[in-house]
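A quick write-up on the structure given underneath.
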Amino acid sequence: MRTINVSPHVKKVEAWFLVKVSAWIVKGTEGVYLVDTGLPFMAKRLLREIEKWGELKAVLLTHGHFDHVGGLKKILAAHTVPVYAHVSEMKYLEGSEPYPGMKKATHAVPSHLAETLPVLPDGMFKEIGGLTPFYTPGHTPGHVAYYHEADNVLIGGDLFMSRGGQLRKPFGSATVDLKQAVTSGRVVETLKPRLVSICHGRDVYEPHKQIDAYVARYQRS
Ligand SMILES: [Zn+2]
Ligand SMILES: [Zn+2]
């Protein structure tokens, strides 16, 4: 396991379990925020890294797959904080329905534990700890990426994979709607982040410069 400094306010804890699995720690003005929680065995390291930056204020989830919520139980045993996810992810996250195309529900998070991401009157998501949520459905129906404006970094979750500095489509078998997921990748065109941070791979710099090629490559399939 290792900790990577992504940008002044963002670090990534990366572990190996068949593939790379990452979770992010973000230094906000009021405290610390955790984006995803990795697998259960990553919780101890995450708690240590959180402590270095201050007090945990909230956990933000990109989506409900087990490799993103696995550490949640241990994190919440140490800190009583709100957990946020997109409204469209809730029923899958809580296991009341299986993800589309899957036979079994996962029941990753107890019912009513996670709250829906707060929305402003203009329909935009409220910023939390310097992070603005962007709805990026496809990998799962309620997948969200988090944009850190001050650092110009997009925490992508499973929006993309990467290989050799190039964007790659998210995991095929776990992705609910690939076409929608690929289109959601266009969020980098609007934001033009310095880099997109990726859960299961290396981060990709200036992703907007290759997004047309990415979309063209995967929309044909
Ligand atoms: Zn996933
Ligand atoms: Zn994942």
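FYI, it's all coordinate maths here, none of it is from the lab. In this text, all values refer to a predicted model and were calculated from it rather than measured experimentally. Every residue, glycine among them, receives a Cβ derived from its backbone with ideal geometry; neighbour counts consider all protein chains shown.
Consider segment 162-181. How many of its residues are in contact (Cβ under 8 Å) with a residue 24 or more places away in the chain and within 15 Å of ligand 1 (Cβ to nearest atom)?
Start the filter on segment 162-181 by keeping residues that are in contact (Cβ under 8 Å) with a residue 24 or more places away in the chain, which leaves 162-163, 165-171, 174-181.
Filter again for within 15 Å of ligand 1 (Cβ to nearest atom), leaving 162, 168-171, 174-178, 180-181.
Qualifying residue count, segment 162-181: 12.
Kindly evaluate Glu115 against the criterion of being free of Cβ contacts under 8 Å to residues at least 40 places away in the same chain, away from ligand 1 (no atom under 16 Å from the Cβ) and in contact with a strand residue (DSSP E or B) (Cβ under 8 Å, 6 or more places away or on another chain). Explain how you work it out, then say what you get.
On the way: free of Cβ contacts under 8 Å to residues at least 40 places away in the same chain: yes; away from ligand 1 (no atom under 16 Å from the Cβ): yes; in contact with a strand residue (DSSP E or B) (Cβ under 8 Å, 6 or more places away or on another chain): yes.
When the stated conditions are applied, Glu115 passes them.
Across segment 1-15, which residue is nearest to Pro82 (Cα to Cα) among those that are over 17 Å from the mean Cα position of the chain (by Cα) and not basic (Lys, Arg)? I'd like the intermediate steps shown before the answer.
Pass one, segment 1-15, residues over 17 Å from the mean Cα position of the chain (by Cα): 1-2, 8.
Filter again for not basic (Lys, Arg), leaving 1, 8.
Working: Met1: 26, Pro8: 24 Å.
Top of the filtered list is Pro8.
Could you please let me know if Lys91 is more than 15 Å from ligand 1 (Cβ to nearest atom), over 22 Å from Leu159 (Cα atoms) and surrounded by 17 or more Cβ atoms within 10 Å (Cβ to Cβ)?
Details: more than 15 Å from ligand 1 (Cβ to nearest atom): yes; over 22 Å from Leu159 (Cα atoms): no; surrounded by 17 or more Cβ atoms within 10 Å (Cβ to Cβ): yes.
Answer is no for this residue.
Within 14 Å of ligand 1 (Cβ to nearest atom) and under 26 Å from Phe160 (Cβ atoms): is that true of Tyr135 in this structure? Step through it out loud before you land on a result.
Details: within 14 Å of ligand 1 (Cβ to nearest atom): no; under 26 Å from Phe160 (Cβ atoms): yes.
Taking the combined requirement at face value, the residue does not satisfy it.
Out of all the residues in segment 182-202, which are more than 16 Å from ligand 1 (Cβ to nearest atom) and either outside any loop (DSSP other than H, G, I, E, B) or surrounded by fewer than 23 Cβ atoms within 10 Å (Cβ to Cβ) (or both)?
Filtering segment 182-202 for residues more than 16 Å from ligand 1 (Cβ to nearest atom) gives 183, 186-195, 202.
Within segment 182-202, Thr183, Arg186, Val187, Val188, Glu189, Thr190, Leu191, Lys192, Arg194, Leu195, Arg202 qualify.
Go through segment 28-56 residue by residue and tally those that are away from ligand 2 (no atom under 16 Å from the Cβ) and either in a loop (DSSP other than H, G, I, E, B) or surrounded by 20 or more Cβ atoms within 10 Å (Cβ to Cβ) (or both). Don't jump to the end; show me each part of the working.
Step one: list which residues in segment 28-56 are away from ligand 2 (no atom under 16 Å from the Cβ), which gives 28-33, 43-45, 47-56.
Pick out the ones that are also either in a loop (DSSP other than H, G, I, E, B) or surrounded by 20 or more Cβ atoms within 10 Å (Cβ to Cβ) (or both) and you get 28-33, 43, 50, 54-56.
Number satisfying all stated conditions: 11.
Condition first: over 22 Å from Lys91 (Cα atoms) and outside any loop (DSSP other than H, G, I, E, B). Now tell me which residues in segment 114-148 satisfy that.
Ile128, Leu131, Thr132, Tyr147, His148
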